[in-house]
Amino acid sequence: MSGAGAPAIAVEGGADLKVAVVAAQWHTQVMDGLVAGAEKALAEIGAAHDLIRVPGSFELPVVARALAGAGYDAVVALGVVIRGGTPHFEYVCAAATDGLNRVALDTGTPIGFGLLTCDTEEQALERAGLAGSREDKGREAVEAAVATALVL
Ligand code: DLZ
C-alpha cells in the first residue's frame, strides 16, 4: 500500500543511511499507523533509524532542526493536525509546514513531510497506513526522504 497517485520511489542504496523519525503524539491511532508505516519502510530499506517523540506537530521543526544538525542523513517528520472550530488549525499547520521546509533548506538535510492536515479524523485514518487505509503516508515520507538523501 502506498498512496493514490504516489509514484514508485527508488530507494536502493538506502541501507547505508541513518534516518531520524520525529513524531508528534496528538491523535494516537493515526500516529501509531504513521509511525508503524515509517518504521516498516525503513526496515525494508535496511536503513538504521532512531524514533524521537515530540508533544505536538508545532514542535516538529525545532526538533527536526536539532536532528538535522546531529549527523542524520535524513529526517522524517510525522504528525496529524485535524481542523477544529477555531483558527488554531491554520496556525499549527503553517508553523509546522514552514518550519520543516526551512529546516530542509537551511541545513540541506532532506525532511520527509509526513504531516497530515485533515478536516476530519476519518480523512486521517484513510491515510494512516492502517488496515483498511487507502494510503500509507508514513511510508511515503520515508521513501521521499531516503530517495532525496541518495540524490544529494
Ligand atoms: C493544541 C493542539 C491542537 C488543538 N491540535 C493539535 C493537532 O490536531 N495536532 C497536533 O499535532 N497538535 C495539536 N496541538 C498541539 C500543538 O501542536 C502544540 O503541541 C501545542 O500548542 C503546545 O506547543
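For region 2-68, GluC sites (Glu not before Pro) meeting the loop criterion (DSSP other than H, G, I, E, B) and having at most 10 other Cβ atoms within 10 Å: GLU12.
Its residue count N sets the reference 2.2 N^0.38 Å, and the alpha-carbon radius of gyration of the chain equals 0.96 times that reference. When only Cα pairs below 8 angstrom with a gap of at least 6 residues are kept, the chain shows a relative contact order of 34 percent.
Between LEU115 and GLY79, the built amide H atoms are under 5 Å apart, and every one of these is 5 or more places off in sequence or on another chain.
Calculated mean residue ellipticity at 222 nm for the chain: -14500 deg cm²/dmol, from DSSP H runs with n ≥ 4 weighted as -39500 (n - 2.57), summed, divided by the residue count and rounded to 500. Please sort by residue number the chymotrypsin sites (Phe, Trp or Tyr not before Pro) in region 1-85 whose DSSP state is loop and whose Cβ has at most 16 other Cβ atoms within 10 Å. Answer by residue number: TRP26.
Taking Cβ atoms as reference points and 11 Å as the exclusive limit, the residues near ALA24 contribute a net charge of 0, counting Lys and Arg as +1 and Asp and Glu as -1.
In this calculation the C-beta distance from GLU90 to GLU12 is compared with R0 = 35 Å, giving a FRET efficiency of 0.35.
Where a number appears in this text, it was derived from the coordinates with a stated rule and is not lab data. All of these numbers come straight from a predicted model, not from anything done at the bench. Here Cβ is always computed from backbone atoms with ideal geometry, including for glycine, and neighbour counts include all displayed protein chains.
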